[in-house]
Amino acid sequence: MQTKGKVVIITGASSGIGEAIAITLAAKGAKVVLGARRQERLEKLISRIKADGGEAVYRVTDIKQRDDLVKLVNLACQTYGHLDVIINNAGIARLSRMDDGQVEDWEEMIDVNLKGTLYGVAAALPIFKQQGFGHIINIISTSGIKIAPLQGVYAGTKNAVRTIAEALRQESGGNYRVTGISPGFVNTELVEHIPDEAARAAMKEKMAQIAIAPQDIANAVLYAISQPANVDVGDIVIRPTVQD
Ligand code: NDP
């Protein structure tokens, strides 16, 4: 399997799914380049990966800042000489009813989940085109597939990412691969950051009942990355078996 030596950027690596992806890929010999805002968490993760014999660097990154993504890509290229994969994983879920009018939360989700992902794509594409290879992996959501109350704008941002990714794939001309991974309920701190109390309580209850582990998503990322260069893994949906 072809993971050893690959240079992989992971946004949102400071917790949950991103952290599990970083540990999993580093254990398979990938050189991971980690971005998120919480420096202490990233430092701890780097120490853990290095203690286990892996290779990793980080840069404090706010994906709402376009330049932060450029700098993260530069860090990967300057440290390891090239870039194989960018995993646009960072995201937030500020869920609420539409008639609650939480416009600032809508904007924040658009800025992080959609524009932040696009900034990652914009930063990586010139490198991929120049190299003639690369791989964009977006962590999307089953929310974008089965639309539910409270999840309107969140699902909208995720579906926008899915739509754009398909155009990207068709435009790639074989220069890079594009993979979308859509998790269902995964046990992470994502729901802890939902400002709306009722929405947070509902999601936490659902999580406690059915959520799968971040490792289950990391395994899918590993699968997509480790396929031969002529194999493009498109969309993968991974949800709890009992999720409706
Ligand atoms: P977590 O809350 O554990 O992780 C979210 C990550 O995103 C954190 O590392 C956080 O780091 C980072 N992040 C948030 N905002 C920014 C920002 N502005 N700039 C940089 N990094 C940021 O949740 P998950 O691991 O669950 O979420 C990962 C992805 O998986 C998200 O895109 C989410 O939408 C998606 N997903 C999750 C599901 C679930 O059930 N958990 C289901 C479907 C999809 P920091 O705060 O340090 O910046």
Segment 19-124: projected area of the alpha-carbon convex hull, averaged over directions, in nm²
7.1 nm²
Once amide hydrogens are built 1.01 Å from N within the peptide plane, the residues lying 5 or more places from residue 178 or on another chain with amide H under 5 Å from its amide H are 136
Kirkwood Rh over alpha-carbon pairs of segment 2-45 plugged into Stokes-Einstein at 10 °C, 1.306 mPa s gives a D in µm²/s of 156 µm²/s
Distance between Cα centroids, segment 21-46 to segment 110-133: provide it in whole Å.
19 Å
Cα convex hull of the chain - mean projected area over all directions, nm²:
12.2 nm²
Virtual spin-label span in nm between residue 201 and residue 70, 7 Å along Cα→Cβ:
4.7 nm
Whole-angstrom Cα spans of segment 65-170 along principal axes, big to small:
49, 27, 16
Anything over 21 Å Cα to Cα? Flag those among 31/71; 28/50; 31/64; 28/129; 31/158; 28/64, in the order listed.
31/64; 28/129; 31/158; 28/64
Added length on full extension, which subtracts the Cα-Cα distance from 0.36 nm per residue, residue 146 to residue 122:
5.8 nm
Result row for the chain, helices from DSSP H with C-alpha axial extent 24 Å or more and mean Kyte hydropathy at least -0.5, is 152-171
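Here, each number is a calculation from the coordinates, and none is a lab measurement. Small disclaimer: the values here were computed from a predicted structure and weren't measured. Using ideal geometry, Cβ is built from the backbone for each residue, glycine included, and neighbour counts are taken over all protein chains shown.
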